[in-house]
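Just so it is clear, none of the values below were taken in a lab; they were calculated from the coordinates. Just so you know, these numbers come straight off a predicted model, no measurement behind them. Positions of Cβ are generated from backbone atoms using ideal geometry, with glycine treated the same way; all protein chains shown enter the neighbour counts.
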C-alpha cells in the first residue's frame, strides 16, 4: 500500500530543519565567542603589569646580563672591577684634600662628606645616563628575543647597583680611617637605599622610552648632568651655601638630587636628618612611577619599532 506524500508539508519540514540548524550554529558560535578569552589591547594596564611581573620572575637573566656588563668593561684587566674602587678612592682623596682647604674645613669631616656624596652621585648619574640608551643599546635583543622590555630596565639598574657596591668599599675605608660618630639612625640607610633603587627603576624606564623616540635626549641629559653635579651639594656643603647665600639658599631645595643624596649620606655619616627629605623623595617616587607607567602603557609596544 502506497502512502501519499504531501509536497507542501515536506517543504515546510525542510525549511524548519534549516532554521533549527542555523539557530544551533548561531548559538554554538555565540558560546564559542563567549568562552574565548578576551585579548588585552596593547595599551592596557594589564599588559604593563604583566610585563613587569614576567621580567621580575626572570631575574636570573637580567642579573647575569648586568654582571656580564661589569665584567666586559674590564675584560683582560688584571684587577678587573677593582679599578672602579681604585678610581673612586683616588678621586675622593685628591678632591677631598683640595676642597677641604678651599672651604676651610677639617679634612676629617669634609673627606667623608664628599666621598659618600660622590658614591651616591655616581649611582644616580649612572642610572640617568644609562637610562637614556637602555633600549637603544639592546636593539638586537629587543628585535630577536621575545622578552618583556622591563628586563632591560632591571639589567641597567642591577649593573649600576653593582658598581655602587664596588664604590661602597671606599666608605668602609673611611670608617676605619676617620671613624665618624655613627648613631642609631645609621639603620635608616637601608630603606633609603631601597628608595634609591625604586626610583632608579622609573628613571631608567621613563628616560629609556622617551630617548628611544627622540634621539636628541641622550646628549642633552649628558650635558645637563655636568650642570646638575655642580648645582648639587656633592663637593660643597649645604652649610657653606646657607652662610654665603642667605635667604637665597632655599633654591637648593628645588634640586631633587639634594634630597636623594641626603637620605643616604646623613645616616652613613651619623648626621642629623630632617623628615622633609623623606617626604619629598616619597612624593617624587609616586609621581615618577605614575608617569613612567603611563608612558609604558601608551608606548611599550612601539619601542621595538623605534630602536
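Values as computed for the structure displayed
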| item | result |
| --- | --- |
| Order of 172, 178, 207 - criterion: other Cβ atoms within 10 Å of each residue's Cβ, fewest first | 172, 178, 207 |
| Ranking of 236, 250 by count of other Cβ atoms within 10 Å, fewest first | 250, 236 |
| Cα-only radius of gyration and Dmax that characterise the chain, units Å | 29.9, 129 |
| Ordering of 189-197, 258-266 by packing [mean C-beta count within 10 Å, highest first] | 258-266, 189-197 |
| Residue among 217, 280, 177 with the largest mean-square fluctuation in a Gaussian network model of the chain, springs linking Cα atoms under 10 Å | 177 |
| Cα→Cβ-extended label distance, 7 Å offset, between residue 198 and residue 76, nm | 4.4 |
| Rounded, prolate or oblate (a/c below 1.5 giving rounded, otherwise prolate when a/b exceeds b/c) for the stretch 53-104 by Cα gyration tensor | oblate |
| Per-peptide average of other Cβ atoms within 10 Å, ordering 87-97, 66-76 highest first | 87-97, 66-76 |
| Over the chain: helical MRE at 222 nm, DSSP H runs n ≥ 4 each giving -39500 (n - 2.57), nearest 500 | -25500 deg cm²/dmol |
| Residue with peak Gaussian network fluctuation, the chain [Cα springs, cutoff 10 Å], from 138, 255, 244 | 244 |
| Relative contact order (%) - criterion: Cα under 8 Å, at least six apart; region: the chain | 26 |
| Alpha-carbon centroids, the stretch 255-300 and the stretch 148-197: separation in whole Å | 15 |
| Segment residue 86-residue 143, extension gain: residue separation times 0.36 nm, minus the distance between their alpha carbons | 16.8 nm |
